[in-house]
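The values are calculated or read from the model by the stated rules, or taken from the named source; none is laboratory data. These numbers come from a predicted model, not from an experiment. For neighbour counting, all protein chains shown are included, and Cβ atoms are generated from backbone atoms with ideal geometry for every residue, glycine included. For accessibility, only protein heavy atoms count, side chains too; no ligands or nucleic acids. Shrake-Rupley method; radii C 1.70, N 1.55, O 1.52, S 1.80 Å.
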Amino acid sequence: MMQSEINGDFLKTLTVLYVEDDPDAREQLGRFLQRRIGTLITAQNGAAGLDAFGNQRPDIVITDIQMPVMDGLTMSSEIRKLDASIPIIVVTAFEQTDYLMRSIEIGMDKYVAKPVDPDRLVTALQACAARLYSEKKLRLAARVFDSSQEAIIITDADHIIISVNRAFTEVTGYSAAEALGGNPIRLLSSGKQNQAFYDTMFGEIAIRGYWRGELWNRRKNGQIYPEWLSMTTLTDGQGRITHYIGMFSDISDRKLMEEQLRQSQKMEAIGQLAGGVAHDFNNILMVITGYCDMLKMNLEYDAPHHIEIDQISKAANRAAALTSGLLTFSRKQIMNLQKNDLNQIISDAGKFLRRIIGEDIRLITTFKEKNLVVCVDGGQIAQMLMNLATNARDAMEKGGILAIETSIQELDDLFIQAYGYGSPGRYAQITVSDTGMGMDEKTRLKIFEPFFTTKVAGKGTGLGMAIVYGIIKQHNGYINVYSEPEKGTTYRIYLPVTSRDAASEAEFAVHATPQKGTETILVAEDDPAVREFEAAILKKFGYEVILAEDGCDAVRKYAENQSTIQLVLMDMIMPNKNGKQSYDEIRLLQPDIKVIFVTGYSADIVRSRGEIDEDVELVMKPINASDLLNKIRSTLDKTEGCDALRGH
């Protein structure tokens, strides 16, 4: 602040106590002061002045020396006990040596002789105000320094710490007393940066006057953490560095977010790769499973090679499940809800789970309820069990027991009130327990958070339990977890049960016999092996088949045979014209034509290309022969052709 600003603006903010026993002098000098300061307080002697100071705490005191009741020096001495730094100006006609010596001992700031020269008094006030202003700035700077969210460290030119703020002690764990006098590199260095790093850093500071960057430091407790450091310098009149000022912050959270972003991008890349591979891979699987189904249809159950063919079919189905599992990791998997026996899903997954957990962990399955029918995506439930088994395996490094049990659980109002979730009704309960190391309450509460993992870097994505939670929620189910350190972990999963009514019995039966037909079907498929399989199975069951190898061919073949074709079985992604474009052109010829879309690509890729609307369902490859025939028959038997677009 400029001197003129101190004379005017700042003086107008101050409160001055003026103590004078002479009424005329008090009134005359008081009027002069009132025009230049903010508030004036007057007192007629030292005792009254001391009371006024205690009650109103002025910024500056102006006092006469010799007064009745209590003299000015005695009053000033008492005021100094209350506030050692307050400016005091002595105004007196006495110039005795003993008075002057006492004034010096008390620490009077200024001495103005009577009769008072107004200019000399203003000069004394300005000097006191300038000191107050400097002290105010210092106090403000100290408050800013200590309240900063950034850790601040100040060293001298020899790198000796002379000041740190509160945030420094919070970040590093060192108190100010422990830090002062130390060298910051020796105090905080993590060992991740060598001496050459620091030489380069201080070399840049010497040239540019500042340095900014990331480094790793060590807290008092030994924990290494990343920080963002900004260093600058103070110099003297000759440009020599007198102090180094460092401001830094713990960027652990930012690093975690960056790692989560990298994980997310990696998973997105996996999803894109899986979606691209899925088309060709599922085409191959569809041919394998399809011809296996055709062979089994021609054989009696106890015929030679029936078992071998069945094993080939099961292996292909497991391969399809692996593809589905990969897609589950990378995106929200398309739901394929069907009525299934939950016990059968768990039994089928058992062999795969045993390979995951290894020979030193014993898998025990217990089914307390037979025919536990649920409407679920069997692949996703198997994926859920795989993730839970993987977690259990990692928690039992020295072996143990993994127990999976199913039962019926009635969720009533008391249950919902006790646990805070659920809707009343009957649920299939899956209990998955292990004898592993367990977890504490803090970990238990975060177990389903995306990217949360207790495993060392590179050993887990932090997505496994988040996927479990997402699968259960997609099935309108619930999950809870109970665990204590060294006492294992138990997950309880609740899925709504479904009654197997007569109308759905045929759908539920795995080996339902497809019905034959005589209709003509246009098959549009760019993969020759899949196209030949579809033609073979359709012809076997009585259908007339017209083949098209791409979208343009499909439109042309339909135009040539419009009067005879009752249904189009069309691959979604084909060269020249995709399935949706071909379907749009065919509808111009016959608006109510029935169509089933089939694709080996993931739903995300199909939708990202704008091939279908969000609400359109897809028949995903590989689909076995019986399911394909049943889908075709049910679509042909529908009265509303537009429903076929949904694959029903």
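Inside the range 399-455, residues that are of a type in the set (Asp, Glu), out of contact with any Phe, Trp or Tyr (no Cβ under 8 Å at 6 or more places or on another chain) and modelled with pLDDT under 85 make up a count of 4.
For the range 522-580, a residue qualifies if it is among the hydrophobic types (A, V, I, L, M, F, W, C), part of a helix (DSSP H, G or I) and open to solvent by 20 Å² or more (accessible area, probe 1.4 Å), and the qualifying residues are Ala529, Ala536, Cys552, Val555, Ala559. From the list Lys136, Lys110, the lone residue that is open to solvent by 20 Å² or more (accessible area, probe 1.4 Å), modelled with pLDDT under 85 and more than 30 Å from Gly246 (Cα to Cα) is Lys110. Ala512 meets the conditions (1) modelled with pLDDT of 70 or more; (2) small (Gly, Ala, Ser); (3) more than 46 Å from the chain's Cα centre (by Cα) in every case but one. The failed one is (1).
Of the residues in the range 185-198, none is within 29 Å of Leu140 (Cα to Cα), among the hydroxyl-bearing types (Ser, Thr, Tyr), buried (at least 16 other Cβ atoms within 10 Å of the Cβ) and without any contact (Cβ under 8 Å) to a residue 40 or more places away in the chain. Note on the range 219-234: residues that are open to solvent by 80 Å² or more (accessible area, probe 1.4 Å) and over 16 Å from Glu150 (Cα atoms) amount to 4. If I filter the range 382-399 down to residues being touching a residue at least 60 places away in the same chain (Cβ under 8 Å) and in contact with a Ser or Thr (Cβ under 7 Å, 6 or more places away or on another chain), which single residue comes out as surrounded by the fewest Cβ atoms within 10 Å (Cβ to Cβ)? Only one residue fits best here, namely Ala395. Among all positions in the range 160-180, there is at least one residue which is touching a residue at least 24 places away in the same chain (Cβ under 8 Å), buried (at least 17 other Cβ atoms within 10 Å of the Cβ) and outside any helix (DSSP H, G or I). Count of the range 183-204 residues, restricted to those that are within 20 Å of Ser249 (Cα to Cα) and part of a loop (DSSP other than H, G, I, E, B), is 5. Answer yes if at least one residue in the range 387-397 is under 33 Å from the mean Cα position of the chain (by Cα), at pLDDT below 90 and assigned to a loop (DSSP other than H, G, I, E, B), and no otherwise. Checking the range 387-397: at least one residue is under 33 Å from the mean Cα position of the chain (by Cα), at pLDDT below 90 and assigned to a loop (DSSP other than H, G, I, E, B). Tell me yes or no: at least one residue of the range 468-479 is aromatic (Phe, Trp, Tyr) and at pLDDT below 85. Yes, because at least one residue in the range 468-479 is aromatic (Phe, Trp, Tyr) and at pLDDT below 85.
Taking the range 127-148 as the range and being touching a residue at least 12 places away in the same chain (Cβ under 8 Å) and more than 28 Å from Gly203 (Cα to Cα) as the test, the residues that pass are Ala127, Cys128, Ala129, Ala130, Arg131, Leu132, Tyr133, Glu135, Asp146, Ser147. Among the conditions (1) modelled with pLDDT of 90 or more; (2) of a type outside the set (Gly, Ala, Ser); (3) exposed (fewer than 14 other Cβ atoms within 10 Å of the Cβ), the only one that Ile104 does not satisfy is (1). If the condition is being touching a strand residue (DSSP E or B) at 6+ places or on another chain (Cβ under 6 Å), more than 16 Å from Ala392 (Cβ to Cβ) and either open to solvent by less than 30 Å² (accessible area, probe 1.4 Å) or not in a strand (DSSP E or B) (or both), then the range 351-370 contributes Lys368, Glu369.
Of all residues in the range 30-66, those that are in a helix (DSSP H, G or I) and touching a residue at least 12 places away in the same chain (Cβ under 8 Å) total 12.
Any residue at all in the range 40-62 that is open to solvent by less than 30 Å² (accessible area, probe 1.4 Å), touching a Cys at 6+ places or on another chain (Cβ under 6 Å) and either at pLDDT below 95 or within 21 Å of Asp117 (Cα to Cα) (or both)? Yes: the range 40-62 contains one or more residues that are open to solvent by less than 30 Å² (accessible area, probe 1.4 Å), touching a Cys at 6+ places or on another chain (Cβ under 6 Å) and either at pLDDT below 95 or within 21 Å of Asp117 (Cα to Cα) (or both). Screening Met465 on (1) open to solvent by less than 80 Å² (accessible area, probe 1.4 Å); (2) at pLDDT 85 or above shows it passes everything except condition (2).
Collect the residues in the range 205-244 that are in a strand (DSSP E or B) and among the polar types (S, T, N, Q), keeping them in residue-number order. Hits for the range 205-244 are Asn217, Ser230, Thr232, Thr233, Thr235, Thr242.
Kindly indicate whether any position in the range 291-305 is modelled with pLDDT under 65, within 28 Å of Gly470 (Cα to Cα) and open to solvent by 50 Å² or more (accessible area, probe 1.4 Å). Scanning the range 291-305, I find no residue that is modelled with pLDDT under 65, within 28 Å of Gly470 (Cα to Cα) and open to solvent by 50 Å² or more (accessible area, probe 1.4 Å), so the answer is no.
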